[in-house]
Structures are given as structure tokens and as C-alpha cells.
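*Asks:* Supplied in C-alpha cells, the structure appears directly below.
The values are calculated or read from the model by the stated rules, or taken from the named source; none is laboratory data. Because the structure is a prediction, the values reported are computed rather than measured. Don't worry about glycine lacking a Cβ; one is built from the backbone with ideal geometry, like all the others, and counts go over all protein chains shown.
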Amino acid sequence: TPLLVLGYVFYLLLGAMVFQLLEKQAEIHFWDQFQLEKLKFLQNYTCLDRQALEQFVKVLMEAWEKGVNPEGNSTNPSNWDFSNSFFFAGTVVTTIGYGNLSPSTVAGQIFCVFYALFGVPLNLAFLNQLGKGLNAHLITLERWVQKPGRAQVVQTLAVAIFLTTGTLLFLVFPPLVFSYVEGWSYGEGFYFTFITLSTIGFGDYVVGTNPNKHYIPVYRSLTAIWIIFGLAWLALVFNV
């Protein structure tokens, strides 16, 4: 146990040092660039002063924190239509919580607390049952390949096919879809896929949020279903 504690603390310290090394200079660069853009804006629009600009930036930040994308206009699709609400409900019960959208009303916040209180255990029970169902098919497959006359290599091959199929369906192909629909690179799509299925959910990449793109109504609902089945498959993989 002491060795595990030391290893855990060391891993956290290592992560902190590497992230600081990789990200701090980029943050400073973006900050300087942002300040330069604000200065240019004030120079181009002399009718504004710095205080007015800072107030406008504050309004933009508050809008973003409430889930309103400052880009576009009033024709932007609602964050709370049924498809987006279904997607949000999925991120609550799976504990992904991207952070780009959250209830802004007191009633919505209270409901979210109780919804998560019952939804998270329900989701765990559902994933457990779904995993058992997938595991039952895997056991059936193993029994089939274990019949006399079938070599051990066939059994290994069958399990490998099962794992490969799941990897393609949940980790390899989805980034291609997200890249096509969202305009991301494949690397960005894979990053979103991993961050989502690992339930980290930073919120820096979220599907269906670009106001300049027209999404099919069920796009985010289908993504939520992919997340649920992907989590069940991953749970099964870790138990194989």
C-alpha cells in the first residue's frame, strides 16, 4: 500500500510537471496575442474606451458560461432542444460533464442534482447489465471455439476479432465521422473520442456546437447512444 501511494503521488507530480512544461508557454503566447488584439480593436474603434471593451468581454464570457455561443446570431439552434437536452442528460448520468453547458435556472440546477443522484447509479447498473449481455455473447463464442478439433489459436483469434471490432466501432471510426461533420482533424476527433469515453470530458471539444454548421436533429442523440455503448464495451474489455 505505501508503494501504491508513492506511485500515485509520483504520477500526479509527473503529470503536473509535464503539463506545465507543454502548456504554460502556449498559454502566455495566447494571452499576449489576446491583449494585442484588444489593443488593435481599441485603435480601430476610437469611440470605445478600455473599460467599455472589458465590459463587453465580460458579457461574452458570461454568455459562454451559460452555454450561449457568442458567434452567429439569433438563428443559432437552441442548446436546449430535445436532441441537445438528451445529449446533456447522457453526459450527466455518465459523469462526463463537458462543462460547456449547464442549467442556468434554479429549478434546472435543483432537478440536475436529483437527476444525477438517481441517474448515475442507474447508469452504472445499466452498463453493468449491458456488459453482462456482451460478456454472455463472448462466453458463447469461447465455448464454440473450445469444441474438440479447434485449436487454441482459433480461440485467441476469435477474442482478437471481438476486440478489434469494438476498437473499430468505438475508437477508430467515430473520429472519422466527427472529423467529417465537425471539420476537425482526425487527431482532434480521436482526442475527443478518448476524452469522452474515459469520462474526463474537458469540454474543449464538444460535438454539435458550431453555429456555422447545420447538424441533423438526431446528431447529438446518436452521439449520446454511442457514448453509452462505448462505455459498456470498455468496461467489458477491462474485464476480459
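*Asks:* For the range 170-212, how many residues meet the condition of being touching a residue at least 60 places away in the same chain (Cβ under 8 Å) and assigned to a helix (DSSP H, G or I)?
*Replies:* 2
*Asks:* Just checking, does the range 78-85 include any residue being over 20 Å from ARG220 (Cβ atoms), touching a residue at least 12 places away in the same chain (Cβ under 8 Å) and touching a helix residue (DSSP H, G or I) at 6+ places or on another chain (Cβ under 7 Å)?
*Replies:* Checking the range 78-85: not a single residue is over 20 Å from ARG220 (Cβ atoms), touching a residue at least 12 places away in the same chain (Cβ under 8 Å) and touching a helix residue (DSSP H, G or I) at 6+ places or on another chain (Cβ under 7 Å).
*Asks:* Further, regarding this structure: Got a number for residues in the range 96-112 being surrounded by fewer than 12 Cβ atoms within 10 Å (Cβ to Cβ) and not hydrophobic (A, V, I, L, M, F, W, C)?
*Replies:* The qualifying residues number 2.
*Asks:* Conditions first: (1) more than 21 Å from PHE126 (Cα to Cα); (2) modelled with pLDDT under 90. VAL206 passes all but one, so which condition is the exception?
*Replies:* (2)
*Asks:* Being buried (at least 17 other Cβ atoms within 10 Å of the Cβ) and modelled with pLDDT under 85 narrows it down to one residue among PHE162, PHE190, PHE178; which is it? Show your work before the answer.
*Replies:* Details: PHE190 fails: modelled with pLDDT under 85; PHE178 fails: modelled with pLDDT under 85.
Answer to the check: PHE162.
*Asks:* A further question on this structure: For the range 224-238, does any single residue satisfy the condition of being more than 30 Å from ALA136 (Cβ to Cβ) and free of Cβ contacts under 8 Å to residues at least 40 places away in the same chain?
*Replies:* Within the range 224-238, the first condition is being more than 30 Å from ALA136 (Cβ to Cβ), and the residues that meet it are none.
Within the range 224-238, none of the residues are more than 30 Å from ALA136 (Cβ to Cβ) and free of Cβ contacts under 8 Å to residues at least 40 places away in the same chain.
*Asks:* Let me ask something else about it. Output the residues belonging to the range 197-220 that are within 15 Å of PRO174 (Cβ to Cβ) and surrounded by 13 or more Cβ atoms within 10 Å (Cβ to Cβ).
*Replies:* Within the range 197-220, LEU197, TYR205, VAL206, VAL207, GLY208, TYR219, ARG220 qualify.
*Asks:* Can you pull out the residues in the range 78-123 that are under 18 Å from the mean Cα position of the chain (by Cα) and aliphatic (A, V, I, L, M)?
*Replies:* Correct list: ALA89, VAL92, VAL93, ILE96, LEU101, ALA116, VAL120.
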